[in-house]
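To start, the structure itself, in structure tokens.
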Amino acid sequence: MKKILILGGGTAGTIVANRLAHRLRAEDASVEVVSDSPLHYYQPAQLYIPFGEEDPRKIARSERKLLNPKVSLRIDTISEWLPDKQALRTAKGDTISYDYLVIATGSVPCPEAVEGFVAGADHFYTPEAAYRLYHKLSEFEGGSLVVGVGGIPYKCPVAPLEFTLLAEAFLTHKGIRSNTEIVYTFPLNDVFQIPSVVPVVRALFERRSIRAETFFNLEAVDAEKKVVKSLEGTELPFDILVMTPPHKGAPFLRGHPMADNDGWVKTDRNTLRVNGLPNVWALGDTTDLPISKAGSTAHFEAPVVVDQIEAAIHRQEPPPGKATYNGHVTCFIDAGYGKATILDFDYSHPPAVNEPDEFRHLQKIAFNKLYWYLVPTAVI
Ligand SMILES: Cc1cc2nc3c(=O)[nH]c(=O)nc-3n(C[C@H](O)[C@H](O)[C@H](O)COP(=O)(O)OP(=O)(O)OC[C@H]3O[C@@H](n4cnc5c(N)ncnc54)[C@H](O)[C@@H]3O)c2cc1C
């Protein structure tokens, strides 16, 4: 019997585990998930915590309950990966071997990587940080709100845009928009990394009087003077600074021969195999692929990994055309005021973006509720 080990009980790892449990016979393979938390977080909900629209205590559920009973779950932190020995070491001191390995340990926001960030900036990339920001925004009486991206790549590329648009609507409803300046910073030469998305964002920013500072590569935050500085020499004063922190892969992957210095795993863009290893795959945020680090990415990648593992176990070629990832990503952009739009794209087709509307917003809200029943459980 083969042993399949899945690292990470987040969106990617849970979908793969449940799909494998449906697909494989118990006598062919065992499936084990190793995760450093007994909880599974629905991270998109964190975007709404700062505005008081989501309760941080309600965005996580038991990973055990989301997993098919045929999948075993071990709560431990992977501390070392030994590909030559087909084994992993854990923080509790265990060594775990595998026949097939799936790496789905996600990405980690690293505010401490930027001077002054922890003391001077806020973010919404953990439930705790999002809740601190909720308190700050509740007490905010107007001034300068600077929102920006402090390093690429980061998870959910549209989240900082969404936060900016939601904050604008929030401040309007609070009656303090007219005495608040909103500035959005981005490291590249425009407001977003996908050119076809830029005109819609620019139009929204213009209509809502949001100023964009592009080519703003975060250098440091001066918490005392309340100024954020870029490598390009721009300095912006702020009353509240909401920065997307730089992200890295899981600590055990940083500098590993199968990953780069930041821990992004060297992954084939189509097969999702890791650095030519025949029995190791990576998916979700942890890959080095130049695509969105998004739950939808993990969702569309998971069937590819499952098809490949099933074929490998049965010593067959994967079904033609099925076991190939084409770069498919789908992301909603919540634009505030009860409207949203959607980006849908793959490696060969950039997204065509429409003006935000109520229908897409309803879809986004419905998806946020239905996630638990449909996505990690691999119903869709
Ligand atoms: C504010 C916000 C808004 C977002 N909005 C959207 C959106 O609208 N649409 C969208 O598609 N995506 C969105 N995302 C992104 C989405 O949440 C992630 O891309 C998705 O969760 C990635 O799945 P993953 O399984 O790769 O990583 P995760 O879901 O983060 O799971 C990683 C798992 O690995 C575990 N782990 C990590 N290190 C170790 C270790 N050393 N040992 C053992 N276990 C470990 C973690 O505990 C976790 O269970 C958003 C994210 C944020 C923060």
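General remarks:
- Of the residues making up the stretch 51-83, those that are outside any loop (DSSP other than H, G, I, E, B), in contact with an Asp or Glu (Cβ under 9 Å, 6 or more places away or on another chain) and not small (Gly, Ala, Ser) are 56, 71, 73, 74, 75, 78.
- All conditions but one from (1) in a loop (DSSP other than H, G, I, E, B); (2) among the small types (Gly, Ala, Ser); (3) more than 20 Å from residue 379 (Cα to Cα) apply to residue 9; the one that does not is (3).
- Just one residue in the set 366, 340 is exposed (fewer than 13 other Cβ atoms within 10 Å of the Cβ), among the aliphatic types (A, V, I, L, M) and not in a loop (DSSP other than H, G, I, E, B); that residue is 366.
- Filtered by the rule that a residue be within 15 Å of the ligand (Cβ to nearest atom), out of contact with any Cys (no Cβ under 8 Å at 6 or more places or on another chain) and hydrophobic (A, V, I, L, M, F, W, C), the stretch 146-179 gives 147, 149, 152, 159, 161, 163, 165, 166, 167.
- Matching residues in the stretch 89-104 - criterion: being more than 9 Å from the ligand (Cβ to nearest atom) and either buried (at least 16 other Cβ atoms within 10 Å of the Cβ) or part of a loop (DSSP other than H, G, I, E, B) (or both): 89, 92, 93, 94, 96, 98, 99, 100, 101, 102, 103
- Identification of helices (runs of 4 or more DSSP H) wholly contained in the stretch 109-202 with 3 or more residues that are under 22 Å from residue 294 (Cα atoms) yields 127-139, 159-174.
Every residue, every condition in (1) among the acidic types (Asp, Glu); (2) away from the ligand (no atom under 16 Å from the Cβ); (3) within 20 Å of residue 165 (Cα to Cα); (4) assigned by TED's automatic domain parsing to the domain that holds residue 87, yes or no:
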{"position": "262", "(1), (2), (3), (4)": "yes, no, no, yes"}
{"position": "285", "(1), (2), (3), (4)": "yes, no, no, yes"}
{"position": "302", "(1), (2), (3), (4)": "no, no, no, yes"}
{"position": "306", "(1), (2), (3), (4)": "no, no, no, yes"}
{"position": "326", "(1), (2), (3), (4)": "no, yes, no, no"}
{"position": "334", "(1), (2), (3), (4)": "yes, no, yes, no"}
{"position": "340", "(1), (2), (3), (4)": "no, no, yes, no"}
{"position": "354", "(1), (2), (3), (4)": "no, yes, yes, no"}
{"position": "362", "(1), (2), (3), (4)": "no, no, yes, no"}
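- Top-ranked residue in the stretch 12-50 [being hydroxyl-bearing (Ser, Thr, Tyr) and part of a strand (DSSP E or B); ranked as nearest to the ligand (Cβ to nearest atom)]: 35
- Residue 252 vs. criteria farther than 30 Å from residue 7 by Cβ and of a type in the set (Phe, Trp, Tyr): no
The values are calculated or read from the model by the stated rules, or taken from the named source; none is laboratory data. Since the structure is predicted, the reported quantities are computational estimates derived from the model, not experimental observations. With ideal geometry, Cβ positions are generated from the backbone for all residues, glycine too; neighbour counts draw on all protein chains shown.
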